[in-house]
1. Return only the number of the condition from (1) under 30 Å from residue 131 (Cβ atoms); (2) modelled with pLDDT of 90 or more; (3) buried (at least 22 other Cβ atoms within 10 Å of the Cβ) that residue 23 does not satisfy.
2. Between 99, 163, 134, which is within 20 Å of the chain's Cα centre (by Cα) and of a type in the set (Gly, Ala, Ser)?
3. Are any residues in region 87-115 closer than 19 Å to residue 28 by Cβ, of a type in the set (A, V, I, L, M, F, W, C) and in contact (Cβ under 8 Å) with a residue 24 or more places away in the chain, and if so, which ones?
4. Pick out the one residue from 75, 82, 32 that is of a type outside the set (Lys, Arg) and touching a residue at least 60 places away in the same chain (Cβ under 8 Å).
5. Go through region 142-160 and give me each residue that's at pLDDT below 90 and either among the β-branched types (Val, Ile, Thr) or more than 17 Å from the chain's Cα centre (by Cα) (or both).
6. Could you identify the single residue in 8, 42, 15 that is more than 19 Å from residue 126 (Cα to Cα), in contact (Cβ under 8 Å) with a residue 12 or more places away in the chain and surrounded by 15 or more Cβ atoms within 10 Å (Cβ to Cβ)?
7. Quick check on my filter: what residues within region 12-33 are farther than 17 Å from residue 76 by Cβ and of a type in the set (Gly, Ala, Ser)?
8. Identify, from the list 142, 115, 138, 69, the residue that is of a type outside the set (Asp, Glu), more than 22 Å from residue 178 (Cα to Cα) and exposed (fewer than 15 other Cβ atoms within 10 Å of the Cβ).
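The values are calculated or read from the model by the stated rules, or taken from the named source; none is laboratory data. Here the structure is a predicted model, which means the values were calculated and not measured. Here Cβ is always computed from backbone atoms with ideal geometry, including for glycine, and neighbour counts include all displayed protein chains.
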Amino acid sequence: MQDFFFYVELGLNHVLDFAAYDHILFLAAMSLPFTFSSWKKVLLLATVFTTTHCLSLLLSVYDIVLIDGGLIEFLIPVTILLTAVFNLLYVKTLSKERSMVLHTLATAFFGLIHGFGFSNYFKMLMSGEDEQFSPLLGFATGIELSQVLIVFMVLALTYIVQSLFKIRHLHFIAIASILIVIITIPMLIDTFPW
């Protein structure tokens, strides 16, 4: 059981590590269109992201699917950019009219990419381990807990900014998404594989 909590902590640190801010940027971009009144939708997206993230880890740990690390390192900022651009394109759509199908499918696909990005490090940690499911479950638990924390922080920041500065939610989404695009561009340049 002690190993399980080690991997829970590893999952928490994986997401909350500011040196690896790509995960936080993606979660922020994913959460921007939502408010506390739609918390169930963003929690669903975070859970889908965790599930597919861990699925790609599982596929990689058991050598079922292997993908070039350089390509994955480039695709991770692509997922952040696409999520922020998606926010900008659909910022005028009322949240009640927004379909969750596209959000959910994109989040699932992006979760696979982010999971493959961490798979080499996770495999290195797992070398010599006889049992691999329990560590993966602990890691998934840590990821989910940290993602819920980040989503809550984004929703709280949204609420505070809108309340204090009287900024409309649509404007907040647009401004924050543009900032995320600006932050992501150097990541794309640095990881460009060709």
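1. So the condition that residue 23 fails would be (2).
2. Details: 163 fails: within 20 Å of the chain's Cα centre (by Cα); 134 fails: within 20 Å of the chain's Cα centre (by Cα).
After applying the criteria, what remains is 99.
3. 88, 91, 100, 106, 108, 109, 110, 113
4. Exactly one of 75, 82, 32 is of a type outside the set (Lys, Arg) and touching a residue at least 60 places away in the same chain (Cβ under 8 Å), namely 32.
5. Result: 143, 148.
6. It is 42.
7. Within region 12-33, the subset farther than 17 Å from residue 76 by Cβ is 12-13, 31-33.
The answer is 31, and nothing else.
8. Working: 142 fails: exposed (fewer than 15 other Cβ atoms within 10 Å of the Cβ); 115 fails: exposed (fewer than 15 other Cβ atoms within 10 Å of the Cβ); 138 fails: exposed (fewer than 15 other Cβ atoms within 10 Å of the Cβ).
That would be 69, the only listed residue that is of a type outside the set (Asp, Glu), more than 22 Å from residue 178 (Cα to Cα) and exposed (fewer than 15 other Cβ atoms within 10 Å of the Cβ).
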